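Below is one structure; the comments refer to it alone.
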Amino acid sequence: MTDIDTRMIRFQCPKCGHELEQTIGRLKSSDAMRCPGCAVGIHIDADRLANAADEIQKALDKVPAEITIKFFR
Ligand SMILES: [Zn+2]
């Protein structure tokens with residue numbers, strides 16, 4: 001567990017706009033999180049940027065170009 005893993009990042013659910021926050025450690029370790037607003041499953045592929053929390057935050061602030069957000073039901 002590194003400091004980066006405890007870093008909280010915030011983003012909006014791309015489906016319903018509900019504000020979500022999750023630590024990078026959780027994003028890396030868990031397969032998915034679930035939006036409390038619309039209950040859609042969200043998987044963020046943070047592995048590639050796991051050592052660059054700032055890059056993750058930047059990417060999430062914009063339209064995520066380098067981070068894959070997948071939905072499933
Ligand atoms: Zn949602």
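The values are calculated or read from the model by the stated rules, or taken from the named source; none is laboratory data. Nothing here was measured: the structure is a model prediction, and the numbers come from that model. Virtual Cβ from ideal backbone geometry, glycine too; neighbours counted across all protein chains shown. Heads up: the accessible areas ignore ligands, DNA and RNA and are worked out on the full protein's heavy atoms, side chains in. Shrake-Rupley method; radii C 1.70, N 1.55, O 1.52, S 1.80 Å.
Of note:
- For the range 32-52, a residue qualifies if it is at pLDDT 65 or above and either more than 16 Å from the ligand (Cβ to nearest atom) or of a type in the set (A, V, I, L, M) (or both), and the qualifying residues are ALA32, MET33, ALA39, VAL40, ILE42, ILE44, ASP45.
- Filter result for LYS70 (at pLDDT below 80 and more than 16 Å from the ligand (Cβ to nearest atom)): no
- Subset of the range 8-22 (residues that are open to solvent by 30 Å² or more (accessible area, probe 1.4 Å) and outside any loop (DSSP other than H, G, I, E, B)): MET8, ARG10, GLN12, GLU19, GLU21
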